[in-house]
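For reference, the structure is listed below as structure tokens.
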Amino acid sequence: MGEFQEFAEALFGQLSVEINEESEITNLAIKAKEDISGKVEFKELEDIANEILPEFKEKVEGFLGLNVPKNISLKFPELEDLKRLKGDKVFADKESKEFVIELFNAVAKEDLKKIAELMQKDTAKYLVYSTYAIQYISKITTTYGDYLDSIIYLNKFILSRYPQIILHKQGEPYESRFENVNSGYLGAVKMTVLEELIHSTQENLQEINKNAAMKVNKINEELATIILSLDTETINKLSDYCQLQAVPDDFPFAKKANLFFFLNPDHFLIEQIGPDVMTFTHVEIDPKIEESIPQLLEIYKKWLVPIQQHHAAFTAMEGMAAFAIENILKDDQDFQNYLTTFMGTDFSSYQVRKSMGKDFTKIIYEKLGKDAFTKIISNPPNTREIKEPQLYLTRLSL
């Protein structure tokens with residue numbers, strides 16, 4: 001299991017910056033709490049969130065004209081549970097879901113032995129889902145909230161520590177600086193609860209996104225299985241042709257893994273063609289690569305439809321949330337203080353940040369008013385319509 005063990009170590013090597021940052025945040029928060037203790041005190045995250053939830057449900061329903069689920073609830077995971085939660089956010093079919101849960105549990109516990117065992121047990125699944133572990137867990141310190149199955153998850157690891165760290169970094173006198181930092185803390189919680197409440201209204205888009213992502217993952221598993229079955233000569237020939245980093249012959253798994261990550265459509269097509277691939281209906285590949293992997297073109301063609309559905313649904317969800325947050329919180333002083341204290345920016349800069357989904361939502365809202373949100377959810381745009389909103393408006397009018 002030597003090569004698998006080394007690969008498990010490499011996974012944590014890729015996450016080392018984030019793991020070190022998590023330790024630094026933990027240590028800074030302990031020091032900050034000790035220094036400000038007895039001088040000022042921040043309210044508990046749970047108390048703030050539960051207090052504002054009813055008010056913000058009303059704000060969301062009022063602005064969007066949509067209902068928040070009646071059974072919506074709040075949870076406040078710490079770091080290890082947050083990492084497990086990210087596994088729940090990876091959409092895989094029943095056959096693969098158990099593997100994903102085990103993988104994220106092992107990553108959360110930093111259990112290299114278990115990760116190596118999982119890699120050996122199902123190498124194709126590991127190649128596909130380890131990329132999610134890296135992508136999702138690397139963003140934990142910048143992600144304040146998540147929504148899944150009528151539950152809003154607030155990142156307690158970050159939200160309960162950042163205010164203390166920020167105030168401590170500003171230095172004495174804590175009492176006179178507290179009000180501004182505390183207001184920014186309230187703004188961060190308001191923004192996060194608001195965003196996840198908005199996501200809770202987007203059930204149809206959530207379902208489209210989930211089903212499309214499952215199909216994408218299944219196609220990537222199929223590609224991984226094909227590449228793992230290639231003989232050494234083909235792997236070496238393709239690796240040389242694609243100018244991949246040289247790997248010693250006694251690391252056969254690493255060679256195949258490198259080739260998979262290179263030919264994975266999420267990397268290969270977007271790198272070769274660019275983001276415009278999201279509006280393409282046809283792709284072609286290098287004949288020399290196709291000669292070695294005849295199934296590859298068919299896999300890429302199959303991938304195009306669900307990846308575009310996933311991209312369109314996700315962009316619409318995020319864009320609607322960004323547009324609604326901007327409008328609902330534009331006069332909220334706590335949110336303004338969050339932007340200056342936590343983000344080092346201001347509302348004017350926040351407003352002009354470009355986002356294809358937000359720009360799309362704004363144009364549809366200007367034309368349809370509050371009905372825009374119901375239309376976007378019940379009759380989702382495709383990738384071309386998000387890029388050219390007039391196409392979507394034309395389709396709705398037919």
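Some observations on this one:
- Lys218 paired with Asp240, simple spin-label distance in nm, labels 7 Å along Cα-to-beta-carbon: 3.8
- Cross-link partners of Lys39 among lysines (Cα-Cα below 21 Å; sequence separation of 8 or more within a chain): Lys31, Lys169
- Averaging 1/r over every pair of different alpha carbons in segment 1-130 and inverting the result gives a Kirkwood radius of 18.2 Å.
- Accessible carbon and sulfur surface of segment 279-398 relative to its total accessible area, %, 1.4 Å: 51
- Partner aspartates and glutamates whose Cα lies under 15 Å from the Cα of Lys113, excluding those fewer than 8 positions away in the same chain, are identified as Glu3, Glu6, Glu9, Glu102, Asp122.
- Rounded to the nearest 10 square angstrom, Thr131 shows an accessible area of 60 square angstrom against a 1.4 Å probe.
- Dividing the mean sequence gap of close Cα pairs (under 8 Å, 6+ apart) by how many residues segment 117-179 holds gives a relative contact order of 15 percent.
- Entry for semi-axes √(5λ) of the Cα gyration tensor in Å (calculated from the structure that is shown) out of (1) 39, 30, 17; (2) 35, 29, 22; (3) 56, 21, 21: (1)
- Surface analysis of segment 3-396 yields an accessible area of 48 Å² per residue, using protein heavy atoms and a 1.4 Å probe.
- Distance distribution P(r), segment 113-261, all Cα-Cα pairs, bin width 5 angstrom from 0: 2, 8, 12, 12, 13, 11, 9, 9, 9, 8, 5, 3, 1, 0 percent.
- What you get for the chain, charging only the Cβ of Lys and Arg (+1) and of Asp and Glu (-1), is a dipole of about 900 debye around the Cα centre.
- Taking 27 Å as the limit for the C-alpha separation, the pairs Lys109/Lys237; Lys89/Lys121; Lys94/Lys114; Lys330/Lys354 exceed it in the case of Lys109/Lys237.
- Interchain or long-range residues, amide H under 5 Å from Gly145's placed H: Asn155
- Extension gain, Glu203 back to Glu58 (0.36 nm per residue minus Cα-Cα distance, nm): 50.4 nm
- Label point distance in nm, Asn211-Glu78, each placed 7 Å from Cα along Cα→Cβ: 4.0
The values are calculated or read from the model by the stated rules, or taken from the named source; none is laboratory data. Here the structure is a predicted model, which means the values were calculated and not measured. Glycine gets a Cβ as well: all are built from the backbone with ideal geometry, and neighbour counts include every protein chain shown. What goes into the accessible areas is simple: the full protein's heavy atoms, side chains included, and nothing from ligands, DNA or RNA. Shrake-Rupley method; radii C 1.70, N 1.55, O 1.52, S 1.80 Å.
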